[in-house]
1. Tell me the accessible surface of LYS253 in square angstrom (1.4 angstrom probe, heavy atoms of protein chains only), to the nearest ten.
2. Return the distance in nm (one decimal) between the two label points of a simple spin-label model at THR151 and MET189, each offset 7 Å from Cα along Cα→Cβ.
3. Could you state how much accessible area ASP202 has, in square angstrom rounded to the nearest 10, with a 1.4 Å probe and all protein chains kept in place?
4. Working with all protein chains in place, sort LEU172, LEU77 by solvent-accessible area computed with a 1.4 Å probe, largest first.
5. From the phi angles alone, apply the Karplus equation (6.51, -1.76, 1.60; θ = phi - 60°) to segment 114-128 and give each ³J(HN,Hα) in whole Hz, x where the residue is Gly or Pro.
6. Which whole-Hz couplings ³J(HN,Hα) result when phi for each residue of segment 208-218 is put into the Karplus expression 6.51 cos²θ - 1.76 cosθ + 1.60, θ = phi - 60°, listed in order with x for Gly and Pro?
7. By per-residue mean of other Cβ atoms within 10 Å, what is the highest-first order of 104-114, 184-194?
8. Could you rank the peptides 146-156, 283-293, 91-101 by their average count of other C-beta atoms within 10 Å per residue, with the highest value first?
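The values are calculated or read from the model by the stated rules, or taken from the named source; none is laboratory data. What you see is a predicted model, and the numbers here were worked out from it, not measured in a lab. Here the Cβ is made from the backbone with ideal geometry for all residues, glycine too, and neighbour counts use every protein chain on show. The protein model used for the area step is the full one, side chains on, heavy atoms only, and it has no ligands, DNA or RNA in it. Shrake-Rupley method; radii C 1.70, N 1.55, O 1.52, S 1.80 Å.
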Amino acid sequence: MQRLLSEATEKRGLLTSAAGMVGQNKRYIFWFWLLNVLLSFFGTVAFFSQAGTILDHSLLANRLVHGFDLTVLIEMLARPEFGPTSAPWWAGMCFAVIFFLATALFLPGVLQGYASTYRLPREDFFRACGRNLWRFIRLMIVAGIVMGIATGVLFGLQGALVKVAGQSTYELLPFVAQMICLAVIFLVMTTLRIWFDLAEADVVLSDQRAVRKSIGAGFRHTWRHLGRLLMSYVVITIIAAIILVGGLWAWMKYVPPDNVLRAFLIGQLTLLLLLIPRFWQRGVAVSYYRQYMVEPVGVETFTPAPVVEPEPAPVGPGTPPEPQAS
């Protein structure tokens, strides 16, 4: 009975246990946000320097500083003195790749910290990062290939279905078909994300060198508890959508067109809050791993060895007889 109660206590809700992990390790969210801000800044330096050569000597700069005028922006990009537009594009792409590599580097330490019952020391964090870097890169490449193929197939089917629905006499049928297809695509892509999140947790927490085994384990457990996992991820996604809508509303309500500082603060606060749902989903994967994917360790019971009474030594002609008890 006590064993059943302990198991019921351990297997609490995925959302609540994952929220506890995120709350105990809030520093990870802050550091990832700071990394994102720094890389974004460096990625925009090339565009900032090219635009400054024109806007610093143009009266039209006020139409971009105190608001946003698409016509002025297009005109600035088309001017010869702006230079090639490929330079800022390549700079942004390079820092996006750097952020991808940084995510592959530091995310194993985050998962290890979530699974720990204590504050993970700095050396253990970086040890987990270095040990799983190449594994995570391979896993992310496989995930990108699978999700890319699935996205192409699903959107291709959506276009075909919407085209067929457009031939109907019911005017709302194409819109309804498109909404249903988008909902199905969202559920399928969320399922694929669950699959590879579980695979990432298995790679790190079980120290699995064979990435294919973790991918197989993630696939099996995704289908084994798909309803529970999908519901958790959908709830977190809805919360992320609420945060996004709230951030857009605050931007429109409290940011005047000429206040750059307030726009930066509200925008970065919204991005910081949007990191919480994604880390929450990672926590769900870790919580599920601890509850269902860890192989139970059996308790070895001590069985005493049977005591065999020694046989009496044979009495020979030269052997003195044993003394008799009086």
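1. 130 Å²
2. Spacing of the two 7 Å Cα→Cβ label points: 0.6 nm.
3. 20 Å²
4. From most exposed to least exposed: LEU172, LEU77.
5. Going residue by residue, I get 5, 7, 7, 8, 9, 5, 5, x, 5, 5, 5, 4, 6, 5, 5 Hz, with x marking Gly and Pro.
6. Karplus-based 3J(HN,Hα) across segment 208-218 equals 8, 7, 7, 4, 4, 5, 5, 5, x, 5, x Hz.
7. For the peptides 104-114, 184-194, the packing ranking is 104-114, 184-194.
8. 283-293, 91-101, 146-156
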